[in-house]
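Asks: First, the structure itself, so that you have it in front of you.
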Amino acid sequence: MTITIVGHGYVGLVTACVFADFGNQVNVIGHTQEKINRLNSGDPIIYEPGLKELLQKNLSAKRINFTLDFEKPISESDIVFITVGTPPKINGEADLSAVITVAHEIAKSLKKGFTVVSCKSTVPLGTNKKIEEIINKNKSAGTEFAVASCPEFLREGTALKDTLLPDRIIIGSESDKAKEVLINLHKPIGGKRVITNLASAELIKYASNSILATKISFANLISFYCEKTGGDVETVLDGVGLDHRTGRNFLFPGLGYGGSCFPKDVKALLAIGNNLGVDTSLLKAVEEINKQAKENMIEKIIKFSPGKNIAVWGLSFKPDTDDIREAPALYIINLLIKKGFGIKAFDPVAMENVKKSFKGNINFVNDQYEAVKDSDALFIATEWNEFKQIDLNKVKSLLKSPVIFDGRNIYEPITMKELGFKYYSVGRI
Ligand code: UDX
């Protein structure tokens, strides 16, 4: 098949490389010449394990190409995926301006014949109908198309694996022909199929991200109880998670959820609920607890740090990504700087992104040990693997005082005590 993907972020680029690898001809449309050049030369721009190799393999095989042009790729395509960003507006609603612009471009470029237009961007209920209306109004006579919602569930850091072996593929459309095209396209990919209408597919995406965010906030809520009662949150959640109806996944407490999806999608589902007159108090509580998780860590640092020079390990919103959108680390660092703290930080891949966009003053260093050298305390903000079995005796000898604030519970409190650290983690005494 010939496929066009509009947008080359995590979803667009990973989807493009995977479908190209199956032998499809894939065009990817972007809007900056510099980025298009980098992508065509084999640089994926974003950091995602395995992506560079897959991109380069498919560029060499001439199955994937990147362009600014809409007309030619779309006129030749059986399927057009929209994967542009839908960032939150100030009121929490998703900003659909990029999706709408793209719908107009698609309308102008559609070929005669049948094209499926499928939105993989997370969009509020009814957006696919809006896309359909725009294309219908602006397309040339004789062109045939149908819209479909095909939401994406990949996680950053494991995006390729998630795309090749997903739990499920969701295909929502009012058109049987569109459903058939998408069912065929996804044949080489694992996972169960849910074939449904547009509204259900759109809602599945928001509901999926919101229930995972709810689990995380629930874990953080239980950590607040543990801190007041002397319980150990990891043991409590092990006990809870062994019930197969609940499971342990996404029940890890810490600094709250960040990234480009959960914060935005919970906000958007809230805004949708408010517009529809649905009670959104559960989602409001999820957001409130998520904020509280970060505030609690800030309080601990302010209260227990022996001085104001803090080393920070990890800046990305989670390990194995250079993505710093809604990273709890940066929220906390920002507040600490306002309170007069000095920050020396290390992250294995995200420092360049922080340098580009973070306004406050951070002293960036090249490794973990350099960060702790002469700092008053260490704050672990992201659970990168390289921090998990680090030489803690060396860390202790480099720190001015043996104090660690661990926002991700990567060490055992008992071991830390034996090593002589004052160790403040989440939901564990
Ligand atoms: C998420 C969804 O998992 C994915 O299906 C969707 O397509 C996009 O959004 P992603 O944002 O890449 O993926 O990361 P994920 O691994 O889900 O983590 C999101 C945030 O939750 C991170 O900040 C992470 O640190 C936090 N988290 C996750 C917890 O605090 N506790 C957990 O138990 C799990």
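The values are calculated or read from the model by the stated rules, or taken from the named source; none is laboratory data. The model shown is predicted, which means the values in this text are computed figures rather than measured ones. Reconstructed Cβ throughout: ideal geometry from the backbone, glycine too, with neighbour counts over all protein chains shown. Ligands, DNA and RNA are excluded from the accessible area calculation, which covers all protein heavy atoms including side chains. Shrake-Rupley method; radii C 1.70, N 1.55, O 1.52, S 1.80 Å.
Asks: Per 0.36 nm of contour for each residue apart, how much would the distance between K112 and N274 grow if the chain were fully extended, relative to their Cα-Cα spacing?
Replies: Additional length available on full extension: 54.2 nm.
Asks: Using the beta-carbon distance between K388 and N184 and R0 = 51 Å, what value does 1/(1 + (r/R0)^6) give for FRET efficiency, to the nearest 0.05?
Replies: The value I calculate is 0.75.
Asks: Shifting gears a bit: If r is the Cβ-Cβ distance from K339 to D232 and R0 is 35 Å, what FRET efficiency results, to the nearest 0.05? Don't skip to the end; give the middle numbers.
Replies: Details: r = 29 Å, r/R0 = 0.84.
Between K339 and D232 the formula returns 0.75.
Asks: OK, next. Could you work out how far helix 198-229 tilts from the main Cα principal axis of the chain, as a 0 to 90 degree angle to the nearest 10?
Replies: Compared with the principal axis, the helix lies near 0 degrees.
Asks: Using label points projected 7 Å from each Cα along Cα→Cβ, tell me how many nm separate E412 and F250, to one decimal.
Replies: Each label point lies 7 Å from its Cα, and together they span 3.0 nm.
Asks: Here's something else I'd like to know. How much length would be gained if the chain were fully extended between I195 and I90, taking 0.36 nm per residue of separation minus their Cα-Cα distance, in nm to one decimal?
Replies: The I195-I90 span can extend by a further 34.4 nm.
Asks: Report, to the nearest whole %, how much of the accessible area of the range 351-397 belongs to carbon and sulfur atoms, 1.4 Å probe, protein only.
Replies: Looking at the range 351-397 in its full context, I get 40 percent from C and S.
Asks: Quick one: work out the % antiparallel among DSSP beta bridges in the chain, nearest 5.
Replies: On the way: 3 of 50 bridges.
The answer is about 5 percent antiparallel.
Asks: Continuing with the same structure: For a Förster distance of 56 Å, can you work out the FRET efficiency between the beta-carbons of L242 and D69, rounded to the nearest 0.05? Please report the intermediate quantities before stating the final value.
Replies: Details: r = 54 Å, r/R0 = 0.97.
The formula returns an efficiency of 0.55 here.
Asks: How long is the gain from N40 to E299 if the chain were fully straight, where each residue apart is worth 0.36 nm and the alpha carbon distance is subtracted?
Replies: 88.5 nm
Asks: Listed here are the pairs K338/K359; K130/K284; K264/K291; K89/K318; K52/K72; which of them are more than 18 Å apart at the Cα?
Replies: Checking Cα-Cα distances, K130/K284; K89/K318; K52/K72 exceed 18 Å.
Asks: Along Cα→Cβ, 7 Å out, is where each label goes; now give me the distance between the ones at K356 and S140 in nm to one decimal.
Replies: About 3.8 nm, to one decimal.
Asks: When averaged across all projection directions, what area in nm² does the alpha-carbon convex hull of the chain cover?
Replies: If you wrap the Cα atoms of the chain in a convex hull and average its projections, you get 21.4 nm².
Asks: Excluding I183 itself, what net charge comes from residues whose Cβ is under 14 Å from its Cβ, given Lys and Arg +1 and Asp and Glu -1?
Replies: Numbers: positive: R168, K177, K179, K187, K192, R193; negative: D78, D176, E180.
Its environment carries a net charge of +3.
Asks: OK, next. Among the aspartates and glutamates, select those whose C-alpha is under 17 Å from the C-alpha of K355, and discard any that sit fewer than 8 residues away in the same chain.
Replies: Qualifying aspartates and glutamates at Cα under 17 Å: D322, D323, E326, D347, D367.
Asks: Rolling a 1.4 Å sphere over the protein heavy atoms, what is the accessible area per residue of the chain, to the nearest Å²?
Replies: Working: 19200 Å² over 429 residues.
Ligands and nucleic acids excluded, the result is 45 Å² per residue.
Asks: Same structure, new question: Over 25 Å between Cα atoms: which of K294/K422; K205/K228; K215/K373 fall into that group?
Replies: Cα-Cα > 25 Å for K205/K228; K215/K373; rest within.
Asks: Among 370-376, 354-360, how do they line up by average Cβ neighbours within 10 Å per residue, starting with the highest?
Replies: Taking the mean over residues of other Cβ atoms within 10 Å, the ranking is 370-376, 354-360.
Asks: May I ask what percent, to the nearest 5, of DSSP beta bridges between residues of the range 39-181 are antiparallel?
Replies: 20 percent
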